[in-house]
Amino acid sequence: MATVYNWHLGREMSYPYQNGPGGWQFAAVFNTNRCIACQTCTMACKSTWTFSPGQELMWWNNVETKPYGGYPHNWDVKILELLEKANPGGQVWDATAKSDDAPYGRFEGKTIFEAADGMTQRALGYLPSEEEWKGPNNGEDVATGWSAKGAELPEHAGWFFYLQRICNHCTYPACLAACPRQAIYKRQEDGIVLIDQERCRGYRKCVEACPYKKAMYRPTTRTSEKCIACFPRVEGSDPLTQGEPMETRCMATCVGKIRLQGLVRVDETGRWVEDRQNPIYYLVHVEKVALPLYPQFGTQPNVYYIPPRWVPRAYLRQMFGPGVDHAIERYTNPSRELLAVLQLFRVTQRIIFSYAIEPGPKVGEVRINGTVREIFNDTVIGYGRDGKEIVRVTVEEPIYERPQRKTLNSI
Amino acid sequence: MKGLFAAVLQSRAWRFWLGAAAVLTIAALLQWTDTEPAETQNLTLFAYEADRDPGLDPGNSVWERAQPVQVPLSGQAATYAAGGGSVPVVSVRAVHHKGTLYLRLEWDDPTADTSSYRPEDFADAAAVEFPAQAATTVPSFCMGQPGAGVNIWHWRADSEQVLALPTEHYSNAVVDWYPSTEDLFFTARAAGNPYALNASPVQNLVAQAFGTLTPAAEQSVQGHGVYANGKWQVVFARPFSTSDPELAAFGPGTKTDVAFAVWDGSKGERDGMKSVSQFITLSISGAPLAGGGPEDWPWTVAAIALFLGLSAIGLALGWYGYREARMGR
Amino acid sequence: MTAVGRAPRLAIAGRTAAPRGSELAGALAVAALAELLLVRVGSRTAIHIPALPALRKPYALMTEAGDVVLVLAQSLAIVTLAAAAAEGWLRGDWRGRAVMALTGAFAVAATAIRFGWGPPGLWQWATLATVASLAAASAGGRRTPALACFTAAWLLIGGHTAIQSLGVAPGEAGRWMLWLGEAAALAIPLAAAVAVRPRGRRRWFAAGAAGVAATAAMAGPSGWTLRFLTLWNLGLAGTFPPFAYGIAVATGAASFAAAPRSVWVPVALLAASGLGLHNTYQSALAVAALATLLLAQGRRGAAQ
Ligand code: SF4
Ligand code: SF4
Ligand code: SF4
C-alpha cells in the first residue's frame, strides 16, 4: 500500500499504487439543475459503443432519478451501508479544516480502500446480480412526496432530481486497484481508465470494487467493459476536428446543455496544477460551484456536479460532501464571471482549454434573495489546445429573426 | 580414540570452533558445487506408458488401470462452520501415450457451475502447475524464486460451453436486430482474448514470481471436463516436448514437481480464491502401464519390513524408557 | 542448566555427558525458523501475490537471504545429526545407541532418496519409522501424551503419502487419515498443556490473546492464506473450524512458555519441520529435534 494525497478528502489515504508522474486528466462538470432526463446522452453512448450482443444491460452513461432510482439498483445506498457497517458512526467530515489543499475540509472516516480487508478485497464493494442491472431507470420521476402547498426554495417538500452518471475516470480508480491481473490501466496523457480486453479474465473484481458501479460484465466475451471516455474523440483522432481534442459523445449530445468536459493538468501528487482560465479548473477550484460525487469513497472521481438547489441539504451533503452549501449559494447568485463561464456549456464540440471574458454593457437587474443584482452582457471566448479561438458567446442569448418562408410545410 | 574424541568435544571452545568449521565448510561446499543435499520426499504420481490412447474422455477405460494419488488441498472458503462442500482432496492419475502426457483430476463438488453468463456467476475450474522447464532443478520447497517461473494449465468449465448470444441463452429474450456481429464488435474477441474466443477449455499460461499470469505463445494443452454423480473429472493432455523454455517439459525417465488447484464457482471462487495443494513429484516412467501399483511387490515387502523393524526398535525403546521411569531411577 | 562445561574431565568417560548436540541444535533451530519465514512463508506466498512493483526489491532481497539461510540450515542439519550420532556413540547407554542407530538409519534413507537408489516408497517408510521410533523412545512420564499425539499425527499424515507410494489407493480412508492426523496434531498442544500445567494468570491471559488472534486470523479473509501455509509448512489441510486453531495456538503458547528450557529447541525444530513427509531436509529437522530431546532426557536422568 502506498500513501497518496486525496484533495477531495483533504488528507492522505492509502491506495495500492503510487501516483503517476502527472499529466492531463479527463474531467467534466455536470449541472444537475438543468438536466431534463431526456436520456439523449444515454442513447448517444449506447448507439456508439454498446449496441452489440452481450451489452444489453450495459449503460456506460445513465441518468437516474434520485433518491429512488439507481443503476444498478440502489448502488449508492448499498455502498454507503457497507461503509457504515465497516465504520459505524465514523463517516464524518471536519468541515472546519479547510485550505487550498482541502477545499471541502477533512474527511475523518474510512474510504473504500481503508475499509477493505486487503486480502479478499482491495476496495470495499459488492458484486451486483443480473437482476440489479436490469430496469436501469427504475424510480424515474418519482418524488419523495407531494408538495401540497407548492414548492419553494431553498428546499422543496417533495423533491427528486436527476443524476447523470458516467465513469469518473478516477484519480485513484478502485477498479484498477482491484484487478489482480493488472488488466486495467490509467493513461498518463488524459487520465482515462481502460480495461485491457486482451488481459481481462472475467474475474469481475473491478465490477465488485468500483463504488460507482461503472465497470460492467459482458457475458458474450466473458470480460468486463467500461466507459472509455470516447478516447478517440478526446485524443482528437475523429476526423471532424482535424486532430483537435473533442468532447465525448454523451457530453456533445446533451440537450439540456448541462455538460462541459475538458482536460485539466495534474501534478505527480494528484492535485490540479493551477490553470485559472481553464473553465473546469475555474468552476471546481476557484468558484467551487461543482463538487465530486460521493468524495468519501476515496477514488477522487473526476466528474463534478453543480448540486440541485431545491433538495434537502443533508441528502446533498451525503452525496457531494460538505461543499454543498457554498456551491448552491454560488450557483444561486453567480458572480459576473461565473455567469459568463456557465454560457460555455454545450456551445462547441471541441474541448475548451481556456477562456477569456470581454466585458459587455449592463442589460438588466434582478432581485436575488432580497438584493438587487446587475446583469452584464459579457462575451466569453473559448480557446482550444493550440490557443486558437474556437467559440464566442454572450451572456444574453442573441435573438435571431428567421426570414419568412413561403413554403407550406416550413416550421 | 574414543577418549580423545570425547576430550576434544568436552572443551567448549573446541566444540564451538569444530562445529562452526564443519558447518561453514559444508555450506561452502554446497554453495560452490551448487549441490542440493535435500530431496523431495512427498507424494509421487507415476505416469506409465499406456498401450492405448486415453484421449480426452475422463471415462476412458485406460484410466481404470492408472493408480490414483490423493493430493490434500488446503481447506476452503466455507470456514464459518456453515458446512457446505469443501474440497479436501483432489484425486490425480497420470499416463502417457506416444509422447503425450495425460493427467486426470477428479474431485467432489455438489454443484456443477458451468456458466459464467450472469454477472454473478462463476464457473468451476481446475489448474495444474509445473515449474518452468528452465527451473526444473529448483526443488519444490524453494518454489518462487525470481526467474523461476511456473507453467500453469488452467481449465474452466464455462469454456466447455458454446458462447451463446443473449437471444440463444435466454429463451424469452427478444432482440429486433444486432447491427453488427463481427468480431470487432466483441471487443475482447477482436483483441485475441482466449476466453472471448472460446478457443479451448484449457489455457496454457506462464507466470514469473511477482509477475502476472500471461497466456503462453504455445497453446498446446488440450483438455475436457465431465461432471457426473457429484464429481468433476477433467483430463489435461500435452505433448512431452516443447521449444519454449518458459513451459514445462517431460520425457520418459524424468521427474518434475506438480501442484493442483480447484475452484468452486458457486462460492464466488476465482483468481486467488481457490483450494491448492503442495507441490508433489510427477515421475514419468518408460515402463508400460500394468494393472497394479507402481512398486514391485518385493519392494513393498521390503518397505513394510523396514518400517516394522524400525518401529519395533522404537516400541522396545519406548517400553524400556517407560519401565525406567516407573522404577523411579 | 548446570555448568557442564566445567565438569571434571574424568566424569565424562562414564554416563554423564555434556549437552554437546544441543548448542548445534539451537543454532539449527534458529536457522530453520529463519528459513521457514523467508523461504517457505515469504517466497512461496509472494509468488501468489499479484505484482506490486514496489515489492520487487524487498522480494528479491528476501529470496536471496532465504537462499543463504537455507544452505546454512541444511549444513547445520547435517552437522547436528552427525554430532547427535557421535554423542550417542560416546554415551553408550541405550538412549545414546538408539540415537546413533536411528539417525544413522535416517542418513541412509535420505542419501538413498537423494541419489534415487531404490523406490522412494521404501525410504519414505524408513523415514516414517525413524521419526516414530525416536518419538516413542523419547516418551516417558508426562510428556508421553504429547509425544503420542505427535507420533499419531506424523504417522497418519506421512502414512497418507507413503501408502500411496506402495500403490495403495487410500480412497475414503485417506480422507480419514488426513482428518485424524490433523485432529491429532491439534491435540499436541493440549496434551502438552496437561503435561506442563502452565500457571499464572498473566501467562494464560497472553496465551488467550494469542488464541483469539489466531481464531480471528483463521476466520478472517487471511484465513485462506493461513490455510495454504498450514498445509505447505505443517502438513495440515486446515479443515477444522477457526477456533480449533485458536485453542491450539493458545495452549501451545502457554505450554511452550511454561515448559522446561531443554524442550524449547526440539519444539522449535518440530515446528519448522512440520508433520508428515515433505522433503528430506524437513524430515532431518524432525529427526534432529527428537534426537536432541532423547539425548537431553538421558542427560537429565544422569544428572539426578
Ligand atoms: S442529454 Fe443532458 S439533459 Fe438529457 S438526460 Fe443527458 S444529461 Fe440530462
Ligand atoms: S468510476 Fe469506477 S470504473 Fe470508473 S475509474 Fe472510477 S472506479 Fe474505475
Ligand atoms: S464518455 Fe463516451 S463512453 Fe463514456 S459514457 Fe460518455 S459516451 Fe459513453
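The values are calculated or read from the model by the stated rules, or taken from the named source; none is laboratory data. Remember, it's a predicted structure, so these values are computed and weren't measured experimentally. Ideal geometry is used to build each Cβ from the backbone, glycine not excepted, and the neighbour counts take in all protein chains shown.
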Suppose the filter is within 19 Å of C:THR292 (Cα to Cα), in contact (Cβ under 8 Å) with a residue 24 or more places away in the chain and under 15 Å from the mean Cα position of the chain (by Cα); does C:LEU236 pass it? no
Mind checking whether some residue in the range A:2-22 is within 16 Å of ligand 1 (Cβ to nearest atom), closer than 21 Å to A:CYS210 by Cβ and not in a loop (DSSP other than H, G, I, E, B)? no
Positions within the range A:10-35 being under 17 Å from the mean Cα position of the chain (by Cα) and not basic (Lys, Arg), in sequence order: A:TRP24, A:GLN25, A:PHE26, A:ALA27, A:ALA28, A:VAL29, A:PHE30, A:ASN31, A:THR32, A:ASN33, A:CYS35
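Determine whether the range A:235-242 contains at least one residue that is within 16 Å of ligand 2 (Cβ to nearest atom) and either away from chain B (no Cβ under 14 Å) or under 30 Å from A:LEU124 (Cβ atoms) (or both).
No.
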For the range C:135-144, which residues satisfy the criterion of being more than 7 Å from every other protein chain (Cβ to nearest Cβ) and either under 19 Å from C:MET100 (Cβ atoms) or not in a helix (DSSP H, G or I) (or both)? C:ALA135, C:SER138
Can you tell me which residues in the range C:163-186 are aliphatic (A, V, I, L, M) and more than 8 Å from chain B (Cβ to nearest Cβ)? C:ILE163, C:ALA173, C:MET177, C:LEU180, C:ALA183, C:ALA184, C:ALA185, C:LEU186
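Here is a yes/no grid of residues against (1) within 15 Å of ligand 2 (Cβ to nearest atom); (2) over 18 Å from A:CYS167 (Cα atoms); (3) away from chain B (no Cβ under 14 Å):
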{"position": "A:MET1", "(1), (2), (3)": "no, yes, yes"}
{"position": "A:TYR15", "(1), (2), (3)": "yes, yes, yes"}
{"position": "A:PHE26", "(1), (2), (3)": "yes, no, yes"}
{"position": "A:CYS38", "(1), (2), (3)": "no, yes, yes"}
{"position": "A:CYS45", "(1), (2), (3)": "yes, no, yes"}
{"position": "A:GLN55", "(1), (2), (3)": "no, no, no"}
{"position": "A:TRP59", "(1), (2), (3)": "yes, no, no"}
{"position": "A:GLY69", "(1), (2), (3)": "no, no, yes"}
{"position": "A:ALA86", "(1), (2), (3)": "no, yes, yes"}
Selected residue [more than 24 Å from B:LEU205 (Cα to Cα) and at pLDDT below 95] from A:TRP146, A:TRP159: A:TRP146
Can you tell me which of A:GLY243, A:GLY191 is of a type outside the set (Ser, Thr, Tyr) and buried (at least 18 other Cβ atoms within 10 Å of the Cβ)? A:GLY191
What residue, of B:THR254, B:THR167, B:THR181, is surrounded by fewer than 16 Cβ atoms within 10 Å (Cβ to Cβ), within 13 Å of another protein chain (Cβ to nearest Cβ) and within 17 Å of the chain's Cα centre (by Cα)? B:THR254
Checking the structure you have, find out if any residue of the range A:223-233 is more than 14 Å from chain B (Cβ to nearest Cβ) and either away from ligand 3 (no atom under 13 Å from the Cβ) or farther than 22 Å from A:ILE184 by Cα (or both). no
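Being touching a residue at least 24 places away in the same chain (Cβ under 8 Å), within 16 Å of ligand 1 (Cβ to nearest atom) and within 14 Å of chain B (Cβ to nearest Cβ) is the requirement here; does A:TRP75 meet it?
No; evaluated as a whole, the condition is false for this residue.
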Pull up the range A:128-149, narrow it to residues that are crowded, with 16+ Cβ neighbours inside 10 Å and not in a loop (DSSP other than H, G, I, E, B), then point me to the one that is farthest from the chain's Cα centre (by Cα). A:GLU132
Can you tell me how many residues within the range B:263-275 are touching a strand residue (DSSP E or B) at 6+ places or on another chain (Cβ under 9 Å), surrounded by fewer than 23 Cβ atoms within 10 Å (Cβ to Cβ) and of a type outside the set (D, E, K, R)? 2
Tell me whether the range B:187-198 contains one or more residues that are facing chain A (nearest Cβ under 9 Å) and farther than 22 Å from B:PHE122 by Cα. yes
Find the residue count for the range B:1-43, including only residues that are at pLDDT 75 or above and within 7 Å of chain C (Cβ to nearest Cβ). 15
From the residues in the range A:154-189 that are without any contact (Cβ under 8 Å) to a residue 60 or more places away in the chain and within 14 Å of chain C (Cβ to nearest Cβ), which one is farthest from ligand 3 (Cβ to nearest atom)? A:PRO180
Count of the range A:229-252 residues which are within 26 Å of A:ASN74 (Cβ to Cβ) and either without any contact (Cβ under 8 Å) to a residue 40 or more places away in the chain or touching a Leu at 6+ places or on another chain (Cβ under 8 Å) (or both): 0
Conditions first: (1) more than 14 Å from ligand 3 (Cβ to nearest atom); (2) hydroxyl-bearing (Ser, Thr, Tyr); (3) at pLDDT 95 or above. A:THR253 passes all but one, so which condition is the exception? (1)
